[in-house]
1. Quick one: count up the residues across region 91-120 that are under 28 Å from the mean Cα position of the chain (by Cα) and open to solvent by 80 Å² or more (accessible area, probe 1.4 Å).
2. Quick one: how many residues across region 75-101 are under 14 Å from residue 50 (Cβ atoms) and without any contact (Cβ under 8 Å) to a residue 12 or more places away in the chain?
3. Would you check if there is a residue in region 54-63 being within 30 Å of residue 39 (Cβ to Cβ), open to solvent by less than 80 Å² (accessible area, probe 1.4 Å), among the aromatic types (Phe, Trp, Tyr) and part of a loop (DSSP other than H, G, I, E, B)?
4. If the requirement is being over 30 Å from residue 12 (Cα atoms), open to solvent by 100 Å² or more (accessible area, probe 1.4 Å) and among the hydrophobic types (A, V, I, L, M, F, W, C), which of these qualifies: 76, 80, 68?
5. Would you mind stating whether residue 124 is without any contact (Cβ under 8 Å) to a residue 60 or more places away in the chain and either assigned to a helix (DSSP H, G or I) or among the small types (Gly, Ala, Ser) (or both)?
6. Is it the case, given these coordinates, that residue 30 is surrounded by 11 or more Cβ atoms within 10 Å (Cβ to Cβ) and either outside any helix (DSSP H, G or I) or at pLDDT 80 or above (or both)?
7. Hey, could you check region 39-53 for residues that are open to solvent by less than 50 Å² (accessible area, probe 1.4 Å) and part of a helix (DSSP H, G or I) and say which is farthest from residue 6 (Cα to Cα)?
8. Take the residues in region 7-22 that are loosely packed, with under 12 Cβ neighbours inside 10 Å, part of a loop (DSSP other than H, G, I, E, B) and of a type outside the set (Asp, Glu), then tell me which one is modelled with the lowest pLDDT.
Amino acid sequence: KGMHGDEELRPSVVQCKEYNIKTPAEIYPQYYILKVKQFDDKAKNKLDEWIYFFKHNSVKDEFTAKGLDKVRKTLLYENLTPEEKDEYNEMLDFRRQNRSQLSTARDEGKEEARQEYEPIIAEKEAAIAEKEAAIAREREEKEIALAREREKEAALAEKEAALASALAELAALKQNNNQVN
């Protein structure tokens, strides 16, 4: 049956006799026959958009059937003259070469920058490491000096305690001596 006109496909008299059938479905149960010449150019659905393309070899901008976007691009190229195709292909080659040259230049630039700045960065990192080592040495020296100061203070406190003990003993002896006298 036709999708738009509901017309029914019927076999010819010769086909009916030769194949002993009354309807085409008796031979081929599901065939789709596209009557492109009879198509009214009104795309009511996505299949109609494809039929329009088959009939006119063009795709309208408003068509959205799957795959027609690729067909549209292919038609643009295929409808070019041989000279235009040559120019287009040359332009594509030119773009590819430019992208390749740009990529190569970018890579070379990165390598040049790395070679130029790597020694500077290494020098600065070495200077930073040297400063960190100097700070660590200074901190260690301060800690050693602080430990020595604490040792001196402890020794002095020990001496003061011994002196206080000796003075207390001397005072006690003087008092005993005064009592004995």
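1. Let us first name the residues in region 91-120 that are under 28 Å from the mean Cα position of the chain (by Cα), namely 92-115, 117-118.
Okay, now just the ones that are also open to solvent by 80 Å² or more (accessible area, probe 1.4 Å), so 94-97, 99, 101-102, 106-108, 110, 112, 114-115, 117-118.
Selection size over region 91-120: 16.
2. 0
3. The answer is yes, given that some residue of region 54-63 is within 30 Å of residue 39 (Cβ to Cβ), open to solvent by less than 80 Å² (accessible area, probe 1.4 Å), among the aromatic types (Phe, Trp, Tyr) and part of a loop (DSSP other than H, G, I, E, B).
4. Every option except 76 fails the conditions.
5. So residue 124 passes the test.
6. Numbers: surrounded by 11 or more Cβ atoms within 10 Å (Cβ to Cβ): no; either outside any helix (DSSP H, G or I) or at pLDDT 80 or above (or both): yes.
Against the criterion (surrounded by 11 or more Cβ atoms within 10 Å (Cβ to Cβ) and either outside any helix (DSSP H, G or I) or at pLDDT 80 or above (or both)), residue 30 does not qualify.
7. 53
8. Per the criteria, the residue is 10.
The values are calculated or read from the model by the stated rules, or taken from the named source; none is laboratory data. Quantities reported herein were computed from a predicted structural model and do not represent experimental measurements. Note: ideal-geometry Cβ built from the backbone for every residue, glycine included; neighbour counts use all protein chains shown. Accessible surface areas use protein heavy atoms only, side chains included; no ligands, DNA or RNA. Shrake-Rupley method; radii C 1.70, N 1.55, O 1.52, S 1.80 Å.
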